[in-house]
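Accompanying notes for the structure given below.
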Amino acid sequence: MPTLLGLNILAQTVHDRAALFAYLQRAQPALVVVMDDVGFARQLKHALPNMLVVHRRSHPDQQHWHEKVSPAQWLEMHRADAEGGLILQCFNEPGTQDYKALAKWCADVMALADDLGISLAL
């Protein structure tokens, strides 16, 4: 039974993936966020299919996606990462003074993702 535990995994710093897998199998976290290694995120989802696995691809524009690209462009750039049942993380600490524009961008990207059957973490 999954717990309320959630982990943020910086994949590039995991030196003993077997030990991490063993820990996750014991701990049964409800959710993990894996940064910058979509293959590793898919391995985790395959090994623990009931766990929610979010993939976050870091990028210099990640705090300002809503000002840099359209929702359709963002999805085109990231949609392949959703394969295998992964959830895509759109933002990390978005920066803005225009919260209405941010909210509209998020609503638009959610609608487009929903049409494609892609789950998002915003």
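Quick notes
- Candidate set: segment 3-20, residues that are under 21 Å from Ala82 (Cβ atoms) and not in a helix (DSSP H, G or I); chosen: the one least open to solvent (accessible area, probe 1.4 Å): Ile9
- Pairs where the first residue, in segment 1-17, is at pLDDT 90 or above and the second is among the polar types (S, T, N, Q) and open to solvent by less than 80 Å² (accessible area, probe 1.4 Å), C-beta under 9 Å, 6+ apart: none
- Residue within segment 41-52 that is charged (D, E, K, R), under 13 Å from the mean Cα position of the chain (by Cα) and open to solvent by 50 Å² or more (accessible area, probe 1.4 Å) present: yes
- The set of residues in segment 106-122 that are out of contact with any strand residue (DSSP E or B) (no Cβ under 9 Å at 6 or more places or on another chain) and either of a type in the set (Lys, Arg) or within 12 Å of Leu75 (Cα to Cα) (or both) comprises Asp108, Ala111, Leu112, Asp115, Leu116, Gly117.
- Taking residues in segment 48-67 that are in contact (Cβ under 8 Å) with a residue 40 or more places away in the chain, and partners anywhere that are small (Gly, Ala, Ser), the pairs with Cβ atoms closer than 6 Å and at least 6 places apart or on different chains are Val54/Ala121.
- Any chance Ala27 is of a type in the set (Gly, Ala, Ser), open to solvent by less than 30 Å² (accessible area, probe 1.4 Å) and over 16 Å from the mean Cα position of the chain (by Cα): yes
- Within segment 109-122, the set of residues being open to solvent by less than 60 Å² (accessible area, probe 1.4 Å) and either free of Cβ contacts under 8 Å to residues at least 24 places away in the same chain or over 15 Å from Val54 (Cα atoms) (or both) comprises Val109, Ala111.
- When the residues of segment 53-90 are filtered to those that are over 8 Å from the mean Cα position of the chain (by Cα) and crowded, with 20+ Cβ neighbours inside 10 Å, the one that is farthest from Ala107 (Cα to Cα) is His78.
The values are calculated or read from the model by the stated rules, or taken from the named source; none is laboratory data. What you see is a predicted model; the values in this text were computed from it and never measured. Quick reminder, even Gly has a Cβ in these numbers, built from the backbone with ideal geometry, and neighbours come from all protein chains shown. Side chains included, ligands, DNA and RNA excluded: accessible areas come from the protein's heavy atoms. Shrake-Rupley method; radii C 1.70, N 1.55, O 1.52, S 1.80 Å.
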